[in-house]
Amino acid sequence: MLSPAQLLKGYARGVFPMADSAGDPRLYWYDPPYRGVLPVGGVHASRSLLRDLRRGDWSALLNHDFDAVVAACADREDTWINAPLSQLYRQLHQLGHAHAIEVRRNDRFAGGIFGVTLGGAFFGESMVSAQTNGSKMALLWTSSHLARSGFTLFDTQYLTPHLKRMGGSEITREDYRKRLAAALRSDVSFGALPLPDADQLSQEITQTS
């Protein structure tokens, strides 16, 4: 069983753990030749997504119920989040190295994202959508919060078509490790600032797009 300290050392070296399935208690380290990253403060929002955000029924919560977001992300037919990994994330959260952003629509859970932080790097672990656009809104809020908080690296591990549409790209292992090394030299906090409301987020995206 990995310890939280061992897990953080792995992230600092540029590797991350995954399980083959929820039923497999073993964890494996991954070091892919290409890594997915998202632009901090620059995640792309389509016109339709911005219109949806401006309707005024969206809100976001920071570290409101970390375990619930992790459980929602793992609640799917195929998942790499097993019980030992969930426990490690919980321990990292208690140590201040794992965080969740929960998105709500009309005060009902709509989606969320959680990840691990180390220095100025945010390692996005998983996201979930319970309502239309829920995970997309979570990405917008997370990107904004990272920029406001001084983070410089938004790691998504792999690049999916969904992430690519929102501005994600692939970089080589060598480039990733250079960016990671620079980010680790930063002393920033994920929980120091509040999240913007939907109107503030919309204005921020409009100004930077």
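Here, each number is a calculation from the coordinates, and none is a lab measurement. What you see is a predicted model; the values in this text were computed from it and never measured. Heads up, the Cβs are rebuilt from the backbone with ideal geometry, glycines too, and the neighbour counts pull from every protein chain shown.
Can you figure out the FRET efficiency of Thr206 with Ser169, using R₀ = 22 Å and their beta-carbon distance, to the nearest 0.05? It comes to 0.45. Using Cα springs under 10 Å in a Gaussian network model of the chain, which residue among Ile171, Ile101, Ile113 shows the largest mean-square fluctuation? Ranking Ile171, Ile101, Ile113 by mean-square fluctuation puts Ile171 first. For the range 158-174, the Karplus equation 6.51 cos²θ - 1.76 cosθ + 1.60, evaluated at θ = phi - 60°, returns couplings of 10, 9, 9, x, 4, 5, 5, 5, 9, x, x, 8, 10, 10, 6, 4, 5 Hz by residue, with Gly and Pro reported as x. Site pair Tyr30 and Ala130 shows an inter-label distance of 2.5 nm when each label is modelled 7 Å from Cα along Cα→Cβ.
Order the peptides 134-140, 155-161 from the highest to the lowest mean number of other Cβ atoms within 10 Å of their residues.
134-140, 155-161
The charge dipole of the range 4-208, taken about the Cα centre with unit charges on the Cβ atoms of Lys, Arg (+1) and Asp, Glu (-1), comes to about 500 debye, rounded to the nearest 20. For the range 62-209, the mean projected area of the C-alpha convex hull, equal to one quarter of the hull surface, is 9.2 nm².
For the range 4-208, the share of DSSP beta bridges that are antiparallel, to the nearest 5, is 90%. Close amide H pairs (under 5 Å, H built 1.01 Å from N) link Leu159 with Gly36, residues at least 5 positions away or on another chain. Using the rule -39500 (n - 2.57) for each DSSP H run of four or more residues, divided by the residues of the chain, the 222 nm mean residue ellipticity is -11500 deg cm²/dmol. Between the residues Leu62, Ala45, Ala138, the greatest Cα displacement towards the positive end of the dipole of the chain, with unit charges on the Cβ of Lys, Arg, Asp and Glu, is found for Ala45. If you build a Gaussian network model of the chain, linking Cα atoms that sit under 10 Å apart, which residue out of Asn63, Asn106, Asn82 swings the most? Of Asn63, Asn106, Asn82, the most mobile in the Gaussian network model is Asn106.
Stokes-Einstein at 4 °C, 1.567 mPa s, Kirkwood radius from Cα pairs: D for the range 1-139 in µm² s⁻¹? Rounded, D is 82 µm²/s.
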